[in-house]
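First the structure, in the form of structure tokens, and then the observations on it.
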Amino acid sequence: MSAEENKAVVRRYIEKVWNRHNIDAVDELVSPDYLNHAASDEYQRGIAGVKHVLNWLVAVFPDHRFDIEDAVADEDTVAVRGTCSGTHEGDLWGIPATGERFAVQQVHWFRVADGKVAEHWAVRDDLGMMRQLGIAPA
């Protein structure tokens, strides 16, 4: 697949899975041997890991979304920069819901293989998010 086709796969993945919270789209868009370097060890691998992370994310932030502001691709690697946002409505790492909203910049890299997302890396501003949620001091 071309770099542009791979970029389209990642855009579909982010829109259908991360933004629409469509768990059924995971089977369509994620490789069975998927590896998420940004997840905890027990949820790094496979489609089941993606579904677990998505279910957890939506339980904590029911309105979670990631708005892509830039996307670049080089062969099988796609990088996106954008704003991640949501409202803290569920337990987050043992911290009860605050009802506060956050919006932080994030960068994600994906490797695409055979038309599916096969690998994921992330640089997130978790401290900025925690500050906006009132969990960490400003």
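The values are calculated or read from the model by the stated rules, or taken from the named source; none is laboratory data. Predicted model, so just to flag it, every value in this text is computed and none were measured. Neighbour counts are summed over all protein chains in view; Cβ atoms, including those assigned to glycine, are modelled from backbone coordinates with ideal geometry. Keep in mind that these areas ignore ligands, DNA and RNA; they rest on the heavy atoms of the full protein, side chains included. Shrake-Rupley method; radii C 1.70, N 1.55, O 1.52, S 1.80 Å.
Things worth noting here:
- Matching residues in segment 9-28 - criterion: being more than 26 Å from Thr87 (Cα to Cα) and open to solvent by less than 40 Å² (accessible area, probe 1.4 Å): Val9
- Selection status of Glu42, of a type in the set (Asp, Glu), surrounded by fewer than 14 Cβ atoms within 10 Å (Cβ to Cβ) and touching a helix residue (DSSP H, G or I) at 6+ places or on another chain (Cβ under 7 Å): no
- Any chance Asp63 is more than 19 Å from Val123 (Cα to Cα) and in a loop (DSSP other than H, G, I, E, B): yes
- Inside segment 107-138, residues that are open to solvent by 20 Å² or more (accessible area, probe 1.4 Å), part of a strand (DSSP E or B) and touching a residue at least 40 places away in the same chain (Cβ under 8 Å) make up a count of 6.
- Cross-chain or 6+ apart pairs with Cβ under 8 Å, segment 65-82 first and buried (at least 17 other Cβ atoms within 10 Å of the Cβ), then modelled with pLDDT under 95 and part of a strand (DSSP E or B): none
- When segment 45-64 is filtered for residues that are closer than 24 Å to His88 by Cβ and open to solvent by 30 Å² or more (accessible area, probe 1.4 Å), the ones remaining, listed by number, are Lys51, His52, Val53, Asn55, Trp56, Leu57, Val58, Ala59, Pro62, Asp63.
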